[in-house]
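Taking it in order: structure first as structure tokens, then the write-up.
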Amino acid sequence: MSELVKSPVFGLLISLIAFQAGAYVKKKLKLSVFNPLLIAIILVILFLTLTNISYEDYNYGGRMISFFLYPATVSLALPLYRKFHLFRKNVLPICAGILCGAVSSIACTIFLARLFGLSEKLTLSLIPKSITTPIGMAVSEQMGGVPPVTVVAIIITGILGSITGPFLYRVLKINDKVAMGIAMGSSSHAIGTAKAVEIGETEGAMSGLTMAIAGIATVFLAPAMWKLYLIIFQ
Amino acid sequence: LKYLGQIAIITGAYFIGEAIQTLLKIPVPGAVIGLILLFLALYTGLIKVEMVEDVCDFLLSHMSFFFIPAGVALMTNFEMLSGNWIPFFAIIIITTILVWLVTFYVVKLLKGENSHE
């Protein structure tokens, strides 16, 4: 039995089944809270815990899946290229919005983590939580965070943002499709973008474009701001 | 054969990205450098959209699936979050709302100024 579990097919198969289950729940219940990835992660963790199978055994197959993250990250170049004409039309507002969004995200996270007395490792894991998962995970790893914690924080941020973003937009009663799209992409990356696409074409396109640029900007801003924080407070 | 060529370009961009990161020792993930390189190649016309789009779109539309193992790894780091769930959620909720508002108003303000010109 333990030989079977160590086969790469095992990890691959339970991941595929869990994701199908997650996608099914999402389709049936249609609520943003039921994110297929989050459901799949919870199902796999539950299954492994209940059957007493270690993460190492699961990861023989898991590694095969994770490998695709790198080319998938590179592939983000394509939507960025496709939407780049939108960027050229609104260079100043987009750049300023993304820059202020990324800086406030990093600064707010560091400030609150300090306030709550979180460990440095956990703080570093939370810093890239507003950006798209592949880039966020890489930033976390590079800075000395714990990538799995970052992945879960990013998904939860996306889910929350896709609920609070449209809510704020309704409450504020300001009709600005471009600002709405950029705010969605900068606060809640791909999951927010999926929501923005549902709201409208302009919102979706602006959000997708923002998500890619904000991710790249954070790669440079996060380590710089963390260093600055260390210099000032320690 | 079409797909293999596309895979070669995408993994090639990733590999060059990793190489640049290793050689220059810069704190930018190799895959992100690969992303920037592929974007520049598309932008300058060195690579045409048709030369990568099928595989790129496939990878992008299945992106969430690829994150399952990374998320499942949380089970080996669970003690980091136990006892910290309230700060964890508080930080996420407050930051997400703040970032949305900051971005929204900065964009709105700058766009507003531009439209008067």
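The values are calculated or read from the model by the stated rules, or taken from the named source; none is laboratory data. Because the structure is predicted, anything quoted here is derived from the model rather than measured. Positions of Cβ are generated from backbone atoms using ideal geometry, with glycine treated the same way; all protein chains shown enter the neighbour counts. These area figures cover heavy atoms from the full protein model, side chains too; ligands, DNA and RNA do not enter into them. Shrake-Rupley method; radii C 1.70, N 1.55, O 1.52, S 1.80 Å.
If I model a spin label at B:SER61 and A:LYS173 as a point 7 Å from the Cα along the Cα→Cβ vector, what separation in nanometres do I get?
Spacing of the two 7 Å Cα→Cβ label points: 4.2 nm.
Could you work out Rg/(2.2 N^0.38 Å) for chain B, with Rg from alpha carbons only?
1.51
Obtain the radius of gyration and the Kirkwood radius of the stretch A:110-234 from its C-alpha atoms and give Rg over Rh.
Dividing the radius of gyration by the Kirkwood radius yields 1.02.
For A:ARG63 paired with A:VAL197, estimate the spin-label separation in nm (one decimal), with each label point 7 Å from Cα along the Cα-to-Cβ line.
That separation, rounded to one decimal, is 3.3 nm.
What is the mean projected area of the alpha carbon convex hull for chain A, to one decimal in square nanometres?
So the Cα hull casts an average projection of 14.5 nm².
Give the calculated FRET efficiency between A:LEU92 and A:ILE17 to the nearest 0.05, with a Förster radius of 51 Å applied to their Cβ-Cβ distance.
FRET efficiency, A:LEU92 to A:ILE17: 0.60.
I'd like the accessible area for A:GLU203, computed on protein heavy atoms only with a 1.4 Å probe and all protein chains in place. Round to 10 Å², please.
Accessible area, nearest 10 Å²: 10 Å².
Per the Cauchy relation, a quarter of the hull surface: what is the mean projected area of the convex hull of the alpha carbons in the stretch B:9-58, in nm²?
It is 3.4 nm².
Please compare each pair in A:LYS129/A:LYS177; A:LYS195/B:LYS108; A:LYS89/B:LYS2; A:LYS129/A:LYS195; A:LYS27/B:LYS111 to a cut-off of 27 Å on the Cα-Cα distance and tell me which ones are over it. Present the calculation step by step, with values, prior to reporting the outcome.
Details: A:LYS129/A:LYS177 24 Å; A:LYS195/B:LYS108 20 Å; A:LYS89/B:LYS2 34 Å; A:LYS129/A:LYS195 18 Å; A:LYS27/B:LYS111 38 Å.
Long pairs (Cα-Cα over 27 Å): A:LYS89/B:LYS2; A:LYS27/B:LYS111.
What whole-number value in Å² describes the accessible area per residue of the protein assembly as shown for a 1.4 Å probe?
Working: 16290 Å² over 351 residues.
On a per-residue basis, 46 Å².
Express in Å², to the nearest 10, the accessible area of B:ASP54 obtained by rolling a 1.4 Å probe over the protein heavy atoms while all chains stay in place.
60 Å²
B:TYR14: accessible area at probe 1.4 Å, nearest 10 Å²?
The accessible area comes out at roughly 40 Å².
Working with all protein chains in place, sort A:LEU29, B:LEU101 by solvent-accessible area computed with a 1.4 Å probe, largest first.
A:LEU29, B:LEU101
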